[in-house]
Amino acid sequence: MKIALGTVQFGLPYGIANRGGQTPRDAAAEILAGARAAGATLLDTAIAYGEAETVLGEIGAARSGWRIITKLPGLPADLPAAEIGHWCRTTVEGSLRRLGADHLEGLLLHRPDDLRGPHGPALAEALIHLRDRGLTAATGISIYGPEDLDALLPEGPARAPIPLDIVQSPANVLDRRLESSGWAARLSQGGTRLHLRSAFLQGLLLMPLSDLPTHLSHAAPDLRRWQDWLAATGSDPLAAALRFALSRDYAECAVLGMDSPDHLKQILAAAQTDGPLPPDDLHSTNATLLDPRRWNR
Ligand SMILES: NC(=O)c1ccc[n+]([C@@H]2O[C@H](COP(=O)([O-])OP(=O)(O)OC[C@H]3O[C@@H](n4cnc5c(N)ncnc54)[C@H](OP(=O)(O)O)[C@@H]3O)[C@@H](O)[C@H]2O)c1
């Protein structure tokens, strides 16, 4: 099963398409049970996702066999170098406690830029130590675009400051940057497990254009081309966006966000359908559209 579960919705009222706010606990538990029954085993969370880790602990995710990846937030600004190892260890122990887990499947840096800063070597050493001690099976980074990889890995993945077991990156029908930059091939050939997020671009790819918020009107031309293609091929947006994500052979999984058990049902049903793959020329060059951090109102 190439579907992994995103959990930001469990911990925060999140997302441009989310009208219901934070996913209630019983709905989160139902999503986990349904996804597990369908064969998914990998969960993606982060310390920065509000109550998400606590919710996952309370609903017994680790006990029911989910392999959990979490993300370490950026280093506190005033942290002395000598305390980085201690900070990393106690922060990860806090995650394990909230999650009710004794180890992680993966620990990703939410702000990989820290590796390039003055405390980079100490941070790298601390992460490697946590992996050696078995608190996490894998280390890696979460990125917003291939430029993060260009900056961190000027000499290529073989010279990465930490073992790049996992890289999580956005990728979707409009966002082909990981592939067109060459990083998808380079990383996967080097043995890095690629986890793709944002298959639905926060739900924007599934919205009628009439629902597009005015502050995102710059996205209309690309979304219109996508919707014209859907109409011309008689494709369903959810099924086509999912087909794109699940057909990326270089990736281990697509980390999918869902606000409700109903979304999970739609995703599982769509994953069973056949249809055309969205073509390469649908890709967008609108950097603001492809990076939700820039979607300021
Ligand atoms: N039938 C339906 O209508 C249906 C079905 C399924 C899903 N959906 C919608 O699709 C949404 C999930 O979309 P998706 O799977 O494509 O995931 P996504 O929300 O595009 O991506 C998830 C991750 O991308 C990063 N990101 C997204 N927006 C960000 C922002 N404003 N600032 C910084 N980082 C941001 C976040 O990572 P970090 O914060 O970790 O950096 C986040 O955890 C659901 O919430 C739901 O509303 C709708």
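Structural remarks
- Taken over the stretch 203-220, residues that are within 11 Å of Leu289 (Cβ to Cβ) and touching a residue at least 24 places away in the same chain (Cβ under 8 Å) amount to 5.
- Residue within the stretch 258-272 that is touching a helix residue (DSSP H, G or I) at 6+ places or on another chain (Cβ under 6 Å), among the aliphatic types (A, V, I, L, M) and at pLDDT below 95 present: yes
- Looking at Asp132, Asp114, just one residue is within 16 Å of the ligand (Cβ to nearest atom) and more than 30 Å from Leu242 (Cα to Cα), and that residue is Asp114.
- Within the stretch 63-95, restricting attention to residues that are touching an Asp or Glu at 6+ places or on another chain (Cβ under 7 Å) and of a type in the set (Ser, Thr, Tyr), the residue that is farthest from the ligand (Cβ to nearest atom) is Ser95.
- Qualifying helices (runs of 4 or more DSSP H) (wholly inside the stretch 75-160; at least 3 residues being in contact (Cβ under 8 Å) with a residue 40 or more places away in the chain and either crowded, with 18+ Cβ neighbours inside 10 Å or among the hydrophobic types (A, V, I, L, M, F, W, C) (or both)): 84-99, 120-132
- Matching residues in the stretch 173-214 - criterion: being part of a helix (DSSP H, G or I), closer than 23 Å to Gly257 by Cα and more than 12 Å from the ligand (Cβ to nearest atom): Arg177, Leu178, Glu179, Ala184, Leu209, Ser210
- Within the stretch 225-258, restricting attention to residues that are outside any helix (DSSP H, G or I) and closer than 27 Å to Gly20 by Cα, the residue that is nearest to the ligand (Cβ to nearest atom) is Gly257.
- Taking the stretch 272-297 as the range and being part of a loop (DSSP other than H, G, I, E, B) and more than 12 Å from the ligand (Cβ to nearest atom) as the test, the residues that pass are Gln272, Thr273, Asp274, Gly275, Pro276, Leu277, Pro278, Pro279, His283, Ser284, Thr285, Asn286.
The values are calculated or read from the model by the stated rules, or taken from the named source; none is laboratory data. Computed from a predicted structure; not experimentally measured. We place every Cβ from the backbone using ideal geometry, glycine too, and count neighbours over all the protein chains shown.
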